[in-house]
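Student: Once you've had a glance at the structure underneath, I'll fire off some questions.
Each reported figure results from applying straightforward, stated rules to the coordinates on display, with no laboratory input. The structure presented is a predicted model; accordingly, all values stated were derived computationally and were not measured. Don't worry about glycine lacking a Cβ; one is built from the backbone with ideal geometry, like all the others, and counts go over all protein chains shown.
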Amino acid sequence: MRALAARLPRESFVYLGDTARLPYGTKSGDTVTRYAVQASKALVTRGIKMLVVACNTASGVALPALQAALPELERRSVEPYLPGPYTLVVPNPARRFPWLTGPTPEAIGVRLPDLPPPARDLLDRVGVVCATSANVAGGPDPRRVEDVPAEIRAACGAVVDAGELPGVASTVIDLTGPEPRVLREGARPPQ
């Protein structure tokens with residue numbers, strides 16, 4: 001706790017020690033998972049932003065169940081950035097969408113831009129669009145359809161031209177490590 005408080009001096013901390021049901025190491029995996037989920041949900045009702053599981057038994061057995069039971073914690077970490085001018089690089093443990101991840105299948109960039117009405121209307125009708133960036137890695141960010149490299153346009157199932165894009169490229173923030181890291185400054189500095 002002292003190390004966390006020193007690292008995050010502006011944050012408040014809530015500590016829950018489940019002394020009534022110790023030791024966890026002698027319990028079944030199902031029991032430990034049930035206890036960990038119960039304790040974590042109790043903490044979520046107190047408005048926590050982050051959960052640190054400091055029990056070796058619980059972290060070794062219950063982390064997947066905690067992630068499934070508490071998706072709101074993950075959402076809270078990205079909500080300030082969406083929708084908006086940010087691309088978030090998040091973990092992709094199932095290595096889904098390899099055509100989008102390229103050489104780093106363990107992570108994937110996600111963007112939910114604030115779209116103008118024609119593009120917003122289309123997205124509302126189709127639900128989701130999976131797409132690569134409109135530029136070659138390290139290349140300029142195109143503002144018009146005709147500026148998108150021909151090899152990228154040729155690989156698209158459809159091209160929607162809503163006119164020239166205003167502004168500058170998105171800010172890219174890597175959320176795969178212990179601390180967020182800005183990979184590219186863009187339209188708005190990270191919050």
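Student: Per q in 0.16 1/Å, what log10 I(q)/I(0) does a Debye calculation on the alpha-carbon atoms of segment 2-76 return?
Tutor: At q = 0.16 Å⁻¹ the computed log10 ratios are -0.60.
Student: I'm spelling it out carefully: the read-out is Rg/Rh (Cα atoms, Kirkwood Rh), the candidates are (1) 1.06; (2) 1.19; (3) 0.93, and one was derived from this structure. Which label?
Tutor: Correct label, based on the coordinates given: (1).
Student: Which whole-number percent of Cα pairs in segment 82-184 have a distance greater than 24 Å? Before the final figure, lay out each step's value.
Tutor: Working: 1265 of 5253 pairs.
Counting every Cα pair in segment 82-184, those more than 24 Å apart make up 24 percent.
Student: For the chain, give the magnitude of the charge dipole about the Cα centre (Cβ charges: +1 Lys/Arg, -1 Asp/Glu; no others), in debye to the nearest 20.
Tutor: Values: 22 positive and 19 negative charges, 174 e Å.
Rounded to the nearest 20 debye, it is 840 debye.
Student: Related question: For the chain, set up a Gaussian network in which alpha carbons nearer than 10 Å are linked by springs, and say which option among VAL52, VAL148, VAL168 fluctuates the most.
Tutor: Its mean-square fluctuation being the largest, the pick is VAL52.
Student: Amide H neighbours of VAL110 under 5 Å, at least 5 residues apart or on other chains, H built in the peptide plane: list them.
Tutor: LEU88, VAL89, VAL90
Student: A further question on this structure: Once every DSSP H run of n ≥ 4 in the chain is given -39500 (n - 2.57) and the sum is divided by its residues, what mean residue ellipticity at 222 nm do you get, rounded to the nearest 500 deg cm²/dmol? Present the calculation step by step, with values, prior to reporting the outcome.
Tutor: Values: 7 runs with 63 residues, N = 191.
It lands at -9500 deg cm²/dmol.
Student: Relative to the first principal axis of the alpha-carbon coordinates of the chain, what is the inclination of helix 56-69, with its axis defined by its Cα atoms, in degrees from 0 to 90 and to the nearest 10?
Tutor: For helix 56-69, the angle is close to 50 degrees.
Student: Could I ask something else about it? Assign unit charges at the C-beta atoms only (+1 for Lys and Arg, -1 for Asp and Glu), then state the dipole size of segment 82-184 relative to its Cα centre in Debye, rounded to the nearest 20.
Tutor: My answer is approximately 220 debye.
Student: Here is a follow-up. Roughly how many nanometres apart are two label points built 7 Å out from the Cα toward the Cβ at PHE13 and SER28?
Tutor: About 3.5 nm, to one decimal.
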